[in-house]
Amino acid sequence: MTEALIRITDLIKSYHLEGISTTVLKKVSLNVHRGDLLAIVGASGSGKSTLMNIIGLLDKADSGTYLLNNKNVASLTDDDSATLRNQHIGFVFQQFNLLPRFTAMQNVALPLTYRSGSTEVIKEKVLAALDKVGMKKYARHRPTQLSGGQQQRVAIARALVTEPQVILADEPTGALDSKTGTEVMNLFLALHAEGRTIIMVTHDEHIAEQCKKNITLVDGLVVAESG
Amino acid sequence: MNFINHCQQALINLTSAKLRSFLAVLGILVGTAAVVALISCGQLATEKALEQFKALGTDLLAVSVFQKEASKSQSDRDSLSIEQWHQLAERIPYIVNLAPYSTAYQPISFQGKLMQGVIIGADEHLAEIVHVRLAQGHFVSFVESFEHYCVIGYGLAQQMKEVSMDDPIGKQLRIGPSLYTIIGVTEQWSENGFFNEDLNQAAVVPLGGIRLVSNDSKINQAVILLKPDSPIDEVIEDIKQIVRSFNSKLTVFPRSAKQIIASMESQGRIFTLLLAVIGGISLLVGGIGVMNVMLVSVSERKKEIGIRKAVGAKNNEIQALFLVESVMLSVLGGILGVLLGLIFTGIVAYFSDWNFSIYLLPPIAGFLVSAATGIFFGFYPARRAAKLEPMVSLRSE
């Protein structure tokens, strides 16, 4: 077995809102290896999105350890986390989250503008990423001029363009009809076939079935692990 | 992210909220224009006031002598004689030219019609020092001391034209009890804050004969032209000593053009500063407008901030994004405001008869202050944007 890319042990996370404290994750442990296609499955409120945010360095756990590339992320500053997100993680969101005023190209280029690199190189990479998701001819379109499925493809291109070590997809087909959802899912499967590491949060059993590994969360606890 | 990228993205964002950006720019524009216009107008007004003064040169001194205590007896001892005045000029080497003069109050009439005017007793030295030019004839001089001759000012000549269109030279002007023959008419004399008498409305009679006009006239005033860069305080002290040696009862009241100019300049500076503060207040209001616009922009674009953070934007990069936007708004407002302020100054100068000239300070100061306003008032919204939690902002709509 290859070395684990992500190693999470006994993760606990609670939220405090208006004096009421809710523990969302209760000692979650999981490992992700390079090349995995992992689905985190659970009903809403099970803590799967919180887990995803912690994996994506958008949030921090209260206790437990999270090693990304054997590096403990607990002591990272905001800026260190930002750099790691930029270098190693690609996000795909349920609501696509493209910037409405920017063209598809500008949206895909966004992560690269937070790195150093010449405009020419950035343009080349952006077009290659758009090509990969079949959206090259829509490069100059704005999100409002694109269908949901097309927007999600642009969002996937944005996640791919930095060549991240892991792609985190939060309900990527949740806002799409079943046909385009299937197309987007097929795109993820193709990316997995190329050897990319993908973690997907979903409540859709059908989507989860297509993933090699499944982790099921109920009330902040891992109740089942398969694959 | 480099600076050019920041600018490009800021432009995209600003142009997509055109009305709001326009209003923010307008606030800064009005503020900057106010600063530039008010400072420029203040400077031009001061300059105009000084210009009148400086027309005669700055090496001038005016001296009046009065008795310390008013005495009832009218005598020669109340003032200096013409000879004593001229001795002053001889004894103080800094004095280039000295013109004693006197004023008298008597009705002036021409062909039976009463004229508005003042009577000045003087000689050719006065014409030299205060730059009186003659349109016709010649100025009254020392050698004509006891002749009934007079020179009339431009304004008085105009009054006389209403009575008779004839050439005034050789005509008789009644001053008090006697008739005076007009031997000269002056050109229009530009009024001057330093020499207080209005030569345009004057009938100038020979200084030596001023007593013929009015028995209680005294030669108690003089204008003095000094060598350039004379030590004014020293000269004044010398004059005081010499006058005291003539008559210990007399006190000297000096007025130096340089000192008056210096005090006018400092008043002008205070005046300009006051105007700048007033302009600054409107710029402050403009700055608050920018801050407001940026705060709205930040809360409206929380999601965007979240997305940018998710793809790797650092806190200071988010801060820079918003700061560049507010600075762009302010700088644009600043440039337009400087232009508008200068145009406004030009218009005011035109109608106020000032010499319009562009001073470098107001545009540069206006521009820099507006840019600084953008940074200052953009800083807090930008900081707020930078500190948003990525997860919280991603969730917001």
When you check B:Ser352 against the structure, is it of a type in the set (Ser, Thr, Tyr) and over 30 Å from the mean Cα position of the chain (by Cα), yes or no? no
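Looking at segment B:184-217, which of its residues are among the aliphatic types (A, V, I, L, M), in a strand (DSSP E or B) and crowded, with 22+ Cβ neighbours inside 10 Å? Step through it out loud before you land on a result.
Filtering segment B:184-217 for residues among the aliphatic types (A, V, I, L, M) gives B:185, B:199, B:202-205, B:207, B:210, B:212-213.
Those still in the list that are in a strand (DSSP E or B) too: B:185, B:202-205.
Of everything in segment B:184-217, those that are among the aliphatic types (A, V, I, L, M), in a strand (DSSP E or B) and crowded, with 22+ Cβ neighbours inside 10 Å turn out to be B:Ala202, B:Ala203, B:Val204, B:Val205.
Working only within segment B:218-242, note down all residues that are part of a helix (DSSP H, G or I) and either surrounded by fewer than 21 Cβ atoms within 10 Å (Cβ to Cβ) or free of Cβ contacts under 8 Å to residues at least 12 places away in the same chain (or both).
Applying the first criterion (part of a helix (DSSP H, G or I)) to segment B:218-242 yields B:232-242.
Of everything in segment B:218-242, those that are part of a helix (DSSP H, G or I) and either surrounded by fewer than 21 Cβ atoms within 10 Å (Cβ to Cβ) or free of Cβ contacts under 8 Å to residues at least 12 places away in the same chain (or both) turn out to be B:Ile232, B:Asp233, B:Glu234, B:Ile236, B:Glu237, B:Asp238, B:Lys240, B:Gln241, B:Ile242.
Yes or no, residue by residue, for (1) touching a helix residue (DSSP H, G or I) at 6+ places or on another chain (Cβ under 6 Å); (2) in a loop (DSSP other than H, G, I, E, B):
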position	(1), (2)
A:Glu163	no, yes
A:Ile167	yes, no
A:Gly174	no, yes
A:Thr180	yes, no
A:Ile199	no, no
A:Ala208	no, no
A:Cys211	no, yes
Identify the residue in segment B:307-354 that is touching a helix residue (DSSP H, G or I) at 6+ places or on another chain (Cβ under 7 Å) and in a loop (DSSP other than H, G, I, E, B) and, among all such residues, is nearest to A:Gln94 (Cα to Cα). B:Val311
Scan segment B:302-328 and report the pairs whose first residue is within 11 Å of another protein chain (Cβ to nearest Cβ) and whose second residue is among the aliphatic types (A, V, I, L, M) and not in a helix (DSSP H, G or I), with Cβ atoms within less than 6 Å and a gap of 6+ or a chain change. B:Glu304/A:Leu99; B:Ile305/B:Leu388; B:Glu317/B:Met1
What number goes with the only condition from (1) within 15 Å of the chain's Cα centre (by Cα); (2) without any contact (Cβ under 8 Å) to a residue 60 or more places away in the chain that A:Asp62 does not pass? (1)
Considering (1) at positive phi; (2) assigned to a loop (DSSP other than H, G, I, E, B), say which one A:Ser116 fails and leave the rest. (1)
Please specify each residue of segment A:26-74 satisfying the condition of being in a strand (DSSP E or B) and either within 14 Å of chain B (Cβ to nearest Cβ) or of a type in the set (S, T, N, Q) (or both). A:Ser29, A:Asn31, A:Ser63, A:Thr65, A:Asn72
Residue satisfying all of: in segment A:75-120; more than 8 Å from chain B (Cβ to nearest Cβ) and among the acidic types (Asp, Glu); surrounded by the most Cβ atoms within 10 Å (Cβ to Cβ) among these: A:Asp80
Mind telling me which of the residues A:Ala193, A:Ala129, A:Ala169, A:Ala139 ends up being more than 16 Å from the chain's Cα centre (by Cα) and under 27 Å from A:Asn31 (Cβ atoms)? A:Ala193
Anything in segment B:153-164 that is in contact (Cβ under 8 Å) with a residue 24 or more places away in the chain and within 17 Å of B:Ser190 (Cβ to Cβ)? List them, or say none. B:Gly153, B:Tyr154, B:Gly155, B:Leu156, B:Ala157
What number of residues within segment A:121-139 are within 14 Å of another protein chain (Cβ to nearest Cβ) and either exposed (fewer than 13 other Cβ atoms within 10 Å of the Cβ) or touching a residue at least 40 places away in the same chain (Cβ under 8 Å) (or both)? 1
Only one of (1) at pLDDT 90 or above; (2) assigned to a strand (DSSP E or B); (3) closer than 24 Å to A:Gly174 by Cβ does not apply to A:Tyr15, and that is (1)
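When you check B:Ser245 against the structure, is it loosely packed, with under 12 Cβ neighbours inside 10 Å, free of Cβ contacts under 8 Å to residues at least 40 places away in the same chain and over 24 Å from B:Gln43 (Cβ atoms), yes or no? Walk me through it before giving the result.
Numbers: loosely packed, with under 12 Cβ neighbours inside 10 Å: yes; free of Cβ contacts under 8 Å to residues at least 40 places away in the same chain: yes; over 24 Å from B:Gln43 (Cβ atoms): yes.
Yes, satisfied.
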Kindly provide the set of residues from segment B:260-282 that are surrounded by 15 or more Cβ atoms within 10 Å (Cβ to Cβ), over 14 Å from the mean Cα position of the chain (by Cα) and farther than 20 Å from B:Tyr359 by Cα, ordered by number. B:Ser282
Return the pair list, or none, for Cβ contacts closer than 7 Å from residues in segment B:375-390 that are under 13 Å from B:Asn316 (Cα atoms) to residues that are of a type in the set (Phe, Trp, Tyr) and part of a helix (DSSP H, G or I), at least 6 apart or on different chains. B:Pro381/B:Phe322; B:Ala382/B:Phe322; B:Ala385/B:Phe322
Restricting to segment A:116-134, count the residues that are closer than 19 Å to A:Thr83 by Cα and either at pLDDT below 90 or among the polar types (S, T, N, Q) (or both). 3
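Can you find a residue in segment A:204-223 that is of a type in the set (Asp, Glu) and touching a Lys or Arg at 6+ places or on another chain (Cβ under 9 Å)? Show your work before the answer.
Residues of segment A:204-223 that are of a type in the set (Asp, Glu), as a first pass: A:204-205, A:209, A:219.
Add one more test, that the residue is touching a Lys or Arg at 6+ places or on another chain (Cβ under 9 Å), and what stays is A:219.
For segment A:204-223, residues of a type in the set (Asp, Glu) and touching a Lys or Arg at 6+ places or on another chain (Cβ under 9 Å): present.
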Residue list for segment B:13-51, filter: out of contact with any helix residue (DSSP H, G or I) (no Cβ under 8 Å at 6 or more places or on another chain) and more than 30 Å from B:Asp353 (Cα to Cα): B:Ser16, B:Lys18, B:Leu19, B:Phe22
Does segment A:141-161 contain any residue that is buried (at least 23 other Cβ atoms within 10 Å of the Cβ), within 14 Å of chain B (Cβ to nearest Cβ) and not in a helix (DSSP H, G or I)? yes
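Could you tell me whether B:Ile120 is of a type in the set (Val, Ile, Thr), within 35 Å of the chain's Cα centre (by Cα) and modelled with pLDDT under 90? Give the steps one after another, and end with the answer.
Numbers: of a type in the set (Val, Ile, Thr): yes; within 35 Å of the chain's Cα centre (by Cα): yes; modelled with pLDDT under 90: no.
It is false that B:Ile120 is of a type in the set (Val, Ile, Thr), within 35 Å of the chain's Cα centre (by Cα) and modelled with pLDDT under 90.
The values are calculated or read from the model by the stated rules, or taken from the named source; none is laboratory data. Computed from a predicted structure; not experimentally measured. When we count neighbours, we look across all protein chains shown, and the Cβ atoms used for this are built from the backbone with ideal geometry, even at glycine.
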